[in-house]
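Nothing in this text is a laboratory measurement; each read-out follows from the coordinates by a stated rule. Here the structure is a predicted model, which means the values were calculated and not measured. Because the Cβ atoms are built from the backbone with ideal geometry, glycine has one as well, and the counts that use them run over all protein chains shown.
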Amino acid sequence: MVAVAVLAAGRGTRMKSSLPKVLHALGGRSLVEWAIDSTAEIAPSRQIVIVGYGSELVRQALGHLAGVEFVEQTQQLGTGHAVQQVMPLLAGFEDNLLVLNGDVPLLRPQTLKLLLETHRQNGNAATILTAQLPDPKGYGRVICDGNNILKQIIEDRDCTPAQKQNRRINAGVYCFRYPDLARVLPQLQTNNDQQEYYLTDAVNFLSPVMAVDVDDYEEILGINDRKQLATAYAILQGRIKDHWMAAGVTLVDPESTTIDHTVQIQPDVVIEPQTHLRGQTVIESGSRIGPGSLIENSQVGPEATVLYSVIRDSRILAGSTVGPYAHLRGHAEVGSNCRIGNFVELKNTSLGDRTNVAHLSYLGDTTAGTQVNIGGGTITANYDGVKKHRTHIGDRSKTGVNNALVAPLTIAEDVTIAAGSTINEDVPADSLAIARARQVIKPGWRLRASTPTPD
Ligand code: UD1
Ligand code: CA
């Protein structure tokens with residue numbers, strides 16, 4: 001059995017932000033969610049998050065995670081003080097406690113599993129994760145004997161110049177035999193540069209403590225400022241893109257593309273440059289997305305294309321083409337083999353198969369059937385200033401250019417609407433609707449010769 005405590009009470013002064021540091025987003029989720037997620041393979045019996053600065057926000061952000069408990073650290077007096085706050089919750093707990101910093105988001109679940117296994121096999125009082133960093137600045141330094149048994153951890157700011165040369169650092173990831181930790185936690189002092197209670201001092205009090213080096217030091221990057229946040233994002237993106245390329249997806253220009261970890265992409269999809277895939281998005285095989293597109297929480301069916309377009313919370317079925325410059329949002333549903341063209345906006349609208357909306361249109365709150373053709377410049381007037389109303393357009397009907405469709409409105413099947421019409425009454429099946437002023441011709445009419453204006 002193992003319990004997990006995640007340190008997430010600090011403000012994160014170096015972020016220069018009013019948002020608590022651990023809530024800053026790394027791709028599709030916050031730093032602290034990444035930290036919690038890294039415990040996926042060790043099946044913790046309890047997960048305790050220590051909150052303090054902005055605690056309401058942090059509680060809210062983690063509200064969707066079942067089984068997470070919170071404990072308040074009202075004053076942020078250091079990482080050791082933070083862990084002291086879990087003691088009442090863990091009274092009588094005899095097993096191991098894994099402590100993670102909430103600002104270390106890139107840990108792989110296998111790494112924590114390995115840490116825990118090493119800890120158990122060696123019967124250590126504590127086992128800590130370490131790394132050899134090319135640039136160890138800012139991290140606590142770890143000094144060990146030849147057998148990876150810890151001699152001392154010293155914070156960067158408390159190091160002598162000689163100690164600063166040591167490139168083995170403390171990752172902020174610890175596995176403790178909890179009864180041992182509970183014994184030394186009350187002994188912490190604040191005799192250090194920051195005058196804080198350091199968790200690292202608790203480690204210094206225990207024995208034996210073993211250090212385990214992580215293979216890939218990028219995993220333990222701690223986020224203290226915006227630059228490190230951007231570095232972590234680049235690392236995460238690298239992992240995600242490598243994964244999809246290995247799975248048969250072409251990324252024409254990986255550098256200019258971003259993909260959230262929540263996105264699913266099938267083989268033989270081509271992602272063109274400057275394309276961003278976010279949230280719960282699924283792209284099915286053979287589709288071509290981009291250049292220049294943003295797709296969020298949307299499904300794109302097989303063999304579809306999306307060019308220079310923005311698609312949110314929507315669905316596009318097989319073989320349809322979208323763009324350039326289309327905007328789908330608010331549960332737009334496009335059937336198969338449809339064409340959604342230039343400067344078209346679809347909101348809360350569903351289109352049947354083989355329906356085209358090719359130019360300069362807005363369809364809001366509309367249901368159109370199959371093989372409908374929406375003429376260029378057709379706009380639904382779906383809002384009367386108070387409420388939204390729906391427009392229904394039957395199979396095979398055609399609107400004309402510059403039609404205004406005033407909802408609520410039903411246009412039945414096989415209807416044709418004349419160009420320039422404003423339609424505010426239902427149109428029955430198999431008919432032509434014309435609603436515009438007749439053209440007037442005045443034969444022989446000329447502009448009167450204008451009288452010159454005096455200077
Ligand atoms: C800490 C370690 C350092 C290690 C580094 C790894 C200590 C004393 N130092 O330094 O050895 O190399 O992490 O990233 O532990 N927090 C609280 N309450 C507090 C203070 C901090 O919950 O009172 C939380 C923060 O929200 C953060 C985490 O603890 O998630 C780490 O705090 P931070 O101030 O960033 O520690 P570092 O200086 O990075
Ligand atoms: Ca940190």
Requested in this report: Report, in cubic angstrom per residue, the convex hull volume of the C-alpha atoms of the range 297-455.
Outcome: 171
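Counting other beta carbons within 10 Å of each Cβ, put 1, 245, 15 in order, fewest first.
1, 245, 15
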Requested in this report: In debye, nearest 20, what is the charge dipole magnitude of the range 2-220 about its Cα centre with +1 on Lys and Arg Cβ and -1 on Asp and Glu Cβ, if you could check?
Outcome: 300
Query raised in the report: With a 10 Å Cβ neighbour count serving as the proxy for reagent exposure, in which order, fewest first, do 355, 200 appear?
Result: 200, 355
Report task. Over the alpha-carbon set of the range 2-220, work out the extent along each principal axis and list the three values in angstrom, largest first. Result -> 45, 38, 34
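Given the pairs 398/442; 16/164; 137/241; 113/137; 21/227; 21/164, which are separated by over 21 angstrom at their Cα positions?
Values: 398/442 32 Å; 16/164 26 Å; 137/241 29 Å; 113/137 27 Å; 21/227 13 Å; 21/164 26 Å.
Going by Cα-Cα distance, 398/442; 16/164; 137/241; 113/137; 21/164 fall outside the 21 Å limit.
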Report summary line: Out of 172, 134, 102 - ranked by how far each Cα lies towards the positive end of the dipole of the range 2-220, with unit charges on the beta-carbon of charged residues - the top one is 134
**Report entry** Listed peptides 206-218, 59-71 by packing density, highest first (mean Cβ within 10 Å)
**Finding:** 206-218, 59-71
**Report entry** For the chain, with +1 on Lys and Arg beta carbons and -1 on Asp and Glu, the positive-most of 159, 361, 223 along the dipole
**Finding:** 361
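In what sequence do 173, 322, 270 fall when counting other Cβ within 10 Å, fewest first?
The most exposed by this proxy come first: 270, 173, 322.
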Query raised in the report: Does the range 1-46 come out rounded, prolate or oblate, given a ≥ b ≥ c as the square roots of the eigenvalues of its C-alpha gyration tensor, rounded meaning a/c under 1.5 and, failing that, prolate meaning a/b above b/c?
Result: oblate
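Mind putting a number on the dipole of the range 247-433 about its Cα centre? Charges go on the C-beta only, +1 for Lys and Arg and -1 for Asp and Glu, and I need it in Debye to the nearest 20.
260
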Query raised in the report: How long, wide and thick is the range 399-455, going by the Cα atoms along their three principal axes, in whole angstroms, largest first?
Result: 61, 26, 16
Requested in this report: Starting from the Cα gyration tensor of the range 150-212, take the square roots of the eigenvalues, sort them a ≥ b ≥ c, and report rounded, prolate or oblate (rounded when a/c is under 1.5, otherwise prolate if a/b is larger than b/c, else oblate).
Outcome: oblate
Query raised in the report: If packing is taken as the mean number of other Cβ atoms within 10 Å per residue, what is the order of 182-188, 161-167, 18-24, highest first?
Result: 18-24, 182-188, 161-167
Query raised in the report: What number, in percent, do you get for the relative contact order of the range 247-433 if the mean sequence gap of Cα pairs under 8 Å and at least 6 apart is divided by its residue count?
Result: 10
Query - Charge dipole (debye, nearest 20) of the range 15-79; +1 at Cβ of Lys and Arg, -1 at Cβ of Asp and Glu - result: 200
Report summary line: P(r) over all Cα-Cα pairs of the chain, 10 Å bins from 0 to the longest distance, whole percent per bin, short to long, reads 4, 18, 20, 16, 13, 11, 8, 5, 2, 1, 0
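Given the -39500 (n - 2.57) contribution per DSSP H run of 4+ residues, what per-residue ellipticity at 222 nm results for the chain, rounded to the nearest 500 deg cm²/dmol?
When only DSSP H runs of four or more count, the value is -4500 deg cm²/dmol.
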Query raised in the report: Per 5 Å bin, what percent of the C-alpha pairs of the range 12-132 does each bin hold, from zero upward?
Result: 2, 10, 19, 23, 22, 15, 7, 2, 0
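Below 10 angstrom from the Cβ of residue 65, what's the summed charge of the other residues (Lys, Arg +1; Asp, Glu -1)?
It works out to a net charge of -2.
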